[in-house]
Structure formats: structure tokens, C-alpha cells
Amino acid sequence: SAFLIFYGRSAVIAASWPFLLVLAGMLVGNEIFRKYQERLAFTCTLLFFALFSYAIFTVPMVTRQIGPRTFVFSGSVAIAVFALVLLALWIIGPARMRSAWRNIAMGALGVYVVLNLFYFANVLPPLPLTLTTAGVFHTVTKVGDAYQAVAEPNTLLAEAGAAPVLHLAPGEPLYVYSAVFAPIQLRTNIVHVWRRYDATAGWQTESAVTFPITGGREGGYRGFSIKSSPRAGRWRVDITMADGRLIGRVPFSVAPASGTVPKVVQTLK
């Protein structure tokens, strides 16, 4: 249940739903199939899944780095701890371990392969990074230690979760703001990828803005990118790591302004 909370906060459903489905299945199966928990191979497979999931979250906090090498090292740490547990079990109950070790090895190998496939297919959420705040605005400026933004009033549809519509005069830019939480002293790069939907070709990348972040701030490391004169239509900004793993997404639409557009000033977290 704790992992479901950790990974759920870091995940973008559109990209990470297969892993979240597996995680939710583990959570439900742990309760429904309690009668199988007396089977050593079943319990050990769940244990290795928990160890690997926890290592993915904690190792970057120790190494202060994130990326493929850190992920591979997390898997090595999980394997090492799991091997120590199996050694202790072999000492305690050698007869039972002899009869179950093949199933234990197959279960752990299956977990290791699936999590690696999820990671390198960009399905695994990018823990320990978490998107805390994001939005699209007419302007974003830094005032002292705070950021102030000019936005349009929320409509009922936007309040219900629909993508907002921003009305722009010719030549007016748009700003996308994000705050990404990272553990203290962790340094990495964040990319804002601006994409526009084309009815024929699908989502097309218009621009990408990369900037570094440093962990430690409770509300997340803040930053924004600017798009000059975006065309009317559907847009989204994917907030990703440098390797393309999705941290968050800001969908919106752009429409031509007709007359004066009502605006409100917000102080961003």
C-alpha cells in the first residue's frame, strides 16, 4: 500500500498504467490469496518485488544521482539483500529451501525482468522525482523568492479536470510552470517538451527546453519555459527527465482572443 502511494504520486497514468496495474494487483492479491502465503516461493517473490521497488526509490537518495546506471545499481542492491535473506532461510530450513529454490529463482527472475522492461520502456514512474505543481499561464515572473503568474479564471470544465483553454492575442506567448520534488542534493535535468496536436500526424514536437534542478526544497524545484506565438489548437507540455521518462503532463488548448480576456494573478507554490 505504501508503494502504491509513492509510485502513484510520481506516475502519469497515460504512461505508467501497466506498472500501476501490476502494483495494484500485488496489493489486492496479497489480501485475496492469503492461503498461498504459506508457500515459500510465493512469499519470496513478493519480498523481492518489495525489495526492488524500495531500492528504486531509496538508492537515488543515497547516490544523489538518477538514471539507467542508478537503476541497474538499485537492482543489484535488491539482489544482494534478497540473497542474504535466502541464505538465512537456507540455514534455518534447508530441507524446505531445497524443494522450493527453483520456484523462488523463477519468481525473482520474472520480477527482475518485468521491472527492467518497464524501466527501459519508460513505463516505470520516475521515482524519486515527483511533480508537485504545474500549469499553463499567460505570464510567469519571479518576485523575490516567489513566482507570480497571470492566468484565466477557471471554468466549470477546468474545475472538473478538463484541459484549460487559453485565449491569446496575435504574438502573445505562453508560459508553462512546474515544480518537481527531488531528494536533497540530487541534481538532474528536466525537459519541457512542447507538443501540438495535428489531425493527420498526431502529436508533433514544437520545441524542448532543458534546465537543471537541485533537490531539497519541500515544494519542489521551480522553473518555467516559454513558447512564443503558439498556434491555435490542442497542446500539451510533457515534463520529462533527460532520458525521456515522463514526470508529468500539462494539457491545454489555445484559441484566438476576441476582445478583452479576463485574467487573474496567482502566487505559485
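The values are calculated or read from the model by the stated rules, or taken from the named source; none is laboratory data. Model, not experiment: these values are computed from the prediction. Cβ: placed from backbone, ideal geometry, glycine included. Neighbour counts: every protein chain shown. All accessible areas refer to the heavy atoms of the entire protein, side chains included, with ligands and DNA or RNA removed. Shrake-Rupley method; radii C 1.70, N 1.55, O 1.52, S 1.80 Å.
So which of Phe137, Phe57 ends up being closer than 21 Å to Ile190 by Cβ, under 17 Å from the mean Cα position of the chain (by Cα) and in contact (Cβ under 8 Å) with a residue 12 or more places away in the chain? Steps first, answer last, please.
On the way: Phe137 fails: under 17 Å from the mean Cα position of the chain (by Cα).
Among Phe137, Phe57, only Phe57 is closer than 21 Å to Ile190 by Cβ, under 17 Å from the mean Cα position of the chain (by Cα) and in contact (Cβ under 8 Å) with a residue 12 or more places away in the chain.
Could you tell me whether Gly135 is in contact with a helix residue (DSSP H, G or I) (Cβ under 8 Å, 6 or more places away or on another chain), under 30 Å from Ile66 (Cα atoms) and among the small types (Gly, Ala, Ser)? Working first, answer last.
On the way: in contact with a helix residue (DSSP H, G or I) (Cβ under 8 Å, 6 or more places away or on another chain): no; under 30 Å from Ile66 (Cα atoms): yes; among the small types (Gly, Ala, Ser): yes.
No: the conditions fail for Gly135.
Considering only region 212-247, how many residues are more than 14 Å from the chain's Cα centre (by Cα) and in a strand (DSSP E or B)? Show your work before the answer.
From region 212-247, those more than 14 Å from the chain's Cα centre (by Cα) are 212-219, 221-237; that's our starting set.
With in a strand (DSSP E or B) added as a condition, the list becomes 212-214, 221-227, 233-237.
Here the count works out to 15.
If you take the residues in region 179-205 that are modelled with pLDDT of 90 or more, open to solvent by 70 Å² or more (accessible area, probe 1.4 Å) and part of a strand (DSSP E or B), which one is nearest to Pro60 (Cα to Cα)?
The extreme case among them is Thr205.
Report whether or not Ala108 is small (Gly, Ala, Ser), touching a helix residue (DSSP H, G or I) at 6+ places or on another chain (Cβ under 6 Å) and surrounded by 13 or more Cβ atoms within 10 Å (Cβ to Cβ). Give the steps one after another, and end with the answer.
Working: small (Gly, Ala, Ser): yes; touching a helix residue (DSSP H, G or I) at 6+ places or on another chain (Cβ under 6 Å): yes; surrounded by 13 or more Cβ atoms within 10 Å (Cβ to Cβ): yes.
Yes; evaluated as a whole, the condition is true for this residue.
Has region 165-174 got any residue that is at pLDDT 95 or above, outside any loop (DSSP other than H, G, I, E, B) and either of a type in the set (Ser, Thr, Tyr) or open to solvent by less than 40 Å² (accessible area, probe 1.4 Å) (or both)?
Within region 165-174 (the criterion being at pLDDT 95 or above, outside any loop (DSSP other than H, G, I, E, B) and either of a type in the set (Ser, Thr, Tyr) or open to solvent by less than 40 Å² (accessible area, probe 1.4 Å) (or both)), the answer is yes, since at least one residue qualifies.
When you scan region 147-164, how many residues do you find that are at pLDDT 85 or above, open to solvent by 30 Å² or more (accessible area, probe 1.4 Å) and of a type in the set (A, V, I, L, M, F, W, C)?
So the answer is 2.
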